[in-house]
Amino acid sequence: MSRVLVVYASQTGNTELMAEAMVDYLKAESCDVIIKTFDFDWVEPEELLEYDAVLIGTHTWDDGAMPYEVEDFYEEVEEVDISGRLFGVFGSGDSFYDIFGGAIDLVADRLEDLDANVLPERLKADLEPDKEDIERCRAFAKELCDKLQSASILEKI
Ligand SMILES: Cc1cc2nc3c(=O)[nH]c(=O)nc-3n(C[C@H](O)[C@H](O)[C@H](O)COP(=O)(O)O)c2cc1C
């Protein structure tokens, strides 16, 4: 059974709705899912190594910035070797702003710089996710599951 961490920062609940859609999908696929929020639960970078995959959700703050509660993660993630580890980054932003969902790109770039295996799509919803966005969240979680399955098949060869 794959162990997946879903950790997110959500101030008004939009990113949380995206996380919930992914968690529902992953649980239905029999993943062991641990859900955390950056505000209350974030512990240590070493913890990342306990999971087969990590999904990171973040809303975006002024001028495309990361919310302060994600900053420690952003700084400290380099303390562990995450090369080759599977991640996905998602979140809600507001396309009214010049830099739509900028925090999602900042986090995904950071993980890629550290040679993590990041899902190519950076999943962004415009404000509250609608039905179509929720489907995109499920598809995003499916892509993660597919990658986990291929990795476990390769391990068995
Ligand atoms: C002061 C402020 C600044 C914001 N700046 C941006 C921004 O630069 N880019 C963006 O995409 N969204 C921006 N947003 C919009 C939020 O990211 C958006 O409302 C999002 O849905 C919040 O997600 P949450 O419900 O998960 O907290 C800003 C919101 C606030 C309140």
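The values are calculated or read from the model by the stated rules, or taken from the named source; none is laboratory data. Note that the structure is a prediction, hence the values are computed from the model and not measured. Ideal geometry is used to build each Cβ from the backbone, glycine not excepted, and the neighbour counts take in all protein chains shown.
Within this structure, Leu5 fails the test of being out of contact with any His (no Cβ under 6 Å at 6 or more places or on another chain) and assigned to a helix (DSSP H, G or I).
With a requirement of 3 or more residues that are away from the ligand (no atom under 14 Å from the Cβ), in contact (Cβ under 8 Å) with a residue 60 or more places away in the chain and in contact with a Leu (Cβ under 7 Å, 6 or more places away or on another chain), the helices (runs of 4 or more DSSP H) lying completely within segment 50-157 that satisfy it span 131-156. The set of residues from segment 26-40 being outside any strand (DSSP E or B) and either closer than 15 Å to Leu127 by Cα or more than 16 Å from the ligand (Cβ to nearest atom) (or both) comprises Leu26, Lys27, Ala28, Glu29, Ser30, Cys31.
Within segment 34-49, if we keep just the residues that are in contact (Cβ under 8 Å) with a residue 12 or more places away in the chain and under 27 Å from Asp94 (Cα atoms), the residue that is surrounded by the fewest Cβ atoms within 10 Å (Cβ to Cβ) turns out to be Asp41. In segment 114-146, of all residues being charged (D, E, K, R) and surrounded by 17 or more Cβ atoms within 10 Å (Cβ to Cβ), the one that is nearest to the chain's Cα centre (by Cα) corresponds to Arg122. Take Val23 and tell me if it is under 22 Å from Ile153 (Cβ atoms) and either modelled with pLDDT of 95 or more or assigned to a helix (DSSP H, G or I) (or both). Criteria not met by Val23.
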